[in-house]
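Student: The structure is given below, and queries will be raised subsequently.
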Amino acid sequence: MLATLGAVVLSDRAVAQGSKPDSLRTRPPDSMAGMPGMSESGMAMVGGSGALRMPPMPAYMQGPMLRGMEKVPPNVTAFLPGEGVDPMTLPVAIARRVITLADGDTFDLRATLVRRTLGGHTFVMYAYNGQYPGPLLRVEQNATVMVRFENQLDMPSSVHWHGVRLDTGSDGVPGMTQEAVPAGGTFLYRVHFPDAGIYWYHPHVREDIQQNLGLFGNILVASPDPAYYSPVTREEVLLLDDVLIDRAGLFPFGGEAPDFTIMGRFGNVLLVNGEPEYHLTVPRGAVVRFFLTDASNSRTYNLSFGGAPLKLVASDASRFEREEMVRSVVLAPAERYVVEALFDSSGTYALTNQVQAINHVTGEFYPEVDTLGRITVSATRAAPDYGGAFRTLRRNAAISAEIERYRPYFDRPVDHELDLTVNIQGLPIPLVTFMTTDTMYFPPVEWNDGMPDMNWVATGKETRWIMRDPATGKENMDIAWRFKRHDVVKLRLFNDPQAMHPMSHPIHFHGQRFLVLDRDGVPNENLAWKDTVLLPVGSTVDILLDASNPGTWMAHCHISEHLESGMHMTFVVDSASAGP
Ligand code: C2O
Ligand code: CU
């Protein structure tokens, strides 16, 4: 079955056949010695941990696409956090804590430098309240909390409350809703949670650096309805992330501008809640509800739980109209999905990311399976038994009824269009020639970095990712759509496959929610409120934006390097209401 949303699902074709599990698994740095490409390029050996260096090629590519790229450094200076700071003087980061906040509470959130050890190697990273990921905030729907943010980083920052339809002044976008909080500064956020579900927070300054270094956390907003979700044995909140490291440490970031701006920065170590090996033990027959968030800079995941039956329950900002069984769940940067899994037999289930990697030159796919963690199922029987509730596919009448009010707008003419494309200028000529050759193959979704030798050279100085309004020809921040409060706006997004380097883009609208009406003309039969939608290369997606939250807002691609290379625009929702 091909699902209606981007939610599910790869077609059967895309699910790796006869794959060798973990054969291409990226390894933590202690086992990187044998990593193909590491010593061949020689680059990992140059300089100290702060040297710009080319990441290794994927093993299946048998070498670089273009010889000599490792000798063409990106046109930026290298940035790593805490230059000159002895990591041993920094506090060791601790695992995430759960913080329950009541309406009216005030919470202190501090961004600092921390020391982290991954695979036996020690790095300086960032953290909120010294935790990886940041604290998991639990609040009740309709609560308002004050968050006193303190920036103790070595650069300006801010906090954006992703997907939360709060007051515009607390949206955390420097230059639009506030000034960036300087190093040493503070800012008071008033965060109101009108919608139940799973949300997250992260900086809105140099996200390619700050988010990648660990600045992200979840917010679990509970509905007052005790039957909002089905009963389960337990709930787990999983933040997915990846970091790019080798024996010399973290691969440096671009100082003046982001690096890795073509594909975004793909990590070679995949982390669940900040750890390379997620582990959970449950009794036999347990039903676990997983709240999933993709906090990676660029990586889209295709997750499954070792063959455990999987039920799709909710996405970014609401439940689905009806629950459905899925084989896997596809999660693009910033997207959230709520799934439930039934672990029916004792033993081990692997949480895997199963994708099709690509050779850009030949257009050949390679099955790639990464094991992110394991769920151990004990012999003891889970009590109570929630198997019955799990097998019941619920229809959520409340959400359908709410969506029903928007149905009269589904067939309205398109109000605005956006074309997604890119402009690349000033890269070395052999590279440009290579990139424009006909043999270059672009998959609909980039599951991995299949061209690190080209990607590492590209910075925000040469790459300009573009959202273009074809009606006016305006691009990025020159676009300033204006809506009245409660306008229901139909938007058509198109990911231009003719772009010099087309790539899938997860597009996010701040402060509002939307429905994904159809993809490439195929209507979506199972709706949920979303704030981020993935556009595969060449696809057209119609969304219906519920412009009900007044203020000045941003819309952008959530690949951090694309956002930081221009791919963002503004829209204004006036306080004056549209109609009665
Ligand atoms: Cu997570 Cu501007 O967004
Ligand atoms: Cu993008």
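Student: From ILE424, ILE466, ILE429, which residue is in contact with a His (Cβ under 9 Å, 6 or more places away or on another chain) and either farther than 28 Å from ASP242 by Cα or crowded, with 19+ Cβ neighbours inside 10 Å (or both)?
Tutor: ILE424
Student: Going by what's in this entry, would VAL537 be described as at pLDDT 90 or above and closer than 28 Å to ARG407 by Cβ?
Tutor: Criteria not met by VAL537.
Student: Restricting attention to the stretch 163-213, report how many residues are more than 15 Å from ligand 1 (Cβ to nearest atom) and open to solvent by 10 Å² or more (accessible area, probe 1.4 Å).
Tutor: So the count comes out to 14.
Student: Could you check, for the stretch 251-267, whether at least one of its residues is within 16 Å of ligand 2 (Cβ to nearest atom) and touching a His at 6+ places or on another chain (Cβ under 7 Å)?
Tutor: Yes: one or more hits.
Student: How many residues are open to solvent by less than 10 Å² (accessible area, probe 1.4 Å), within 14 Å of ligand 1 (Cβ to nearest atom) and in contact with a helix residue (DSSP H, G or I) (Cβ under 9 Å, 6 or more places away or on another chain) if we restrict to the stretch 536-558?
Tutor: The qualifying residues number 4.
Student: Next question. Which of the residues spanning the stretch 478-511 are under 23 Å from the mean Cα position of the chain (by Cα) and more than 20 Å from ARG464 (Cβ to Cβ)?
Tutor: First, the residues of the stretch 478-511 that are under 23 Å from the mean Cα position of the chain (by Cα): 491-497, 499, 501-511.
Those that are under 23 Å from the mean Cα position of the chain (by Cα) and more than 20 Å from ARG464 (Cβ to Cβ): LEU491, ARG492, PHE509, HIS510, GLY511.
Student: Need a quick list: strands (runs of 3 or more DSSP E) entirely within the stretch 112-223 having at least 1 residues that are free of Cβ contacts under 8 Å to residues at least 40 places away in the same chain.
Tutor: 121-128, 186-192
Student: For the stretch 538-580, list the strands (runs of 3 or more DSSP E) that sit wholly inside it and hold at least 3 residues that are farther than 20 Å from MET477 by Cβ; which are they?
Tutor: 540-547, 568-577
Student: Please state which one of HIS121, HIS160 is surrounded by 18 or more Cβ atoms within 10 Å (Cβ to Cβ) and more than 25 Å from the chain's Cα centre (by Cα).
Tutor: After ruling out the rest, the residue left standing is HIS121.
Student: A further question follows. Would you confirm whether any residue within the stretch 390-404 is under 30 Å from MET569 (Cα atoms), surrounded by fewer than 16 Cβ atoms within 10 Å (Cβ to Cβ) and modelled with pLDDT of 95 or more?
Tutor: Yes: one or more hits.
Student: State whether one or more residues within the stretch 522-530 are in a loop (DSSP other than H, G, I, E, B), open to solvent by 10 Å² or more (accessible area, probe 1.4 Å) and not β-branched (Val, Ile, Thr).
Tutor: Yes: one or more hits.
Student: Looking at the stretch 494-516, I want the residues that are over 30 Å from PRO550 (Cβ atoms) and have a partner that is more than 16 Å from ligand 2 (Cβ to nearest atom) and not in a strand (DSSP E or B) with Cβ atoms under 8 Å, at least 6 apart or on another chain. Which pairs are those?
Tutor: MET500/MET435; MET500/THR436; HIS501/MET435
The values are calculated or read from the model by the stated rules, or taken from the named source; none is laboratory data. Since the structure is predicted, the reported quantities are computational estimates derived from the model, not experimental observations. As a convention, Cβ positions derive from the backbone with ideal geometry for all residues, glycine included, and neighbour counts pool all protein chains shown. With ligands, DNA and RNA removed, areas are computed over all heavy atoms of the protein, side chains included. Shrake-Rupley method; radii C 1.70, N 1.55, O 1.52, S 1.80 Å.
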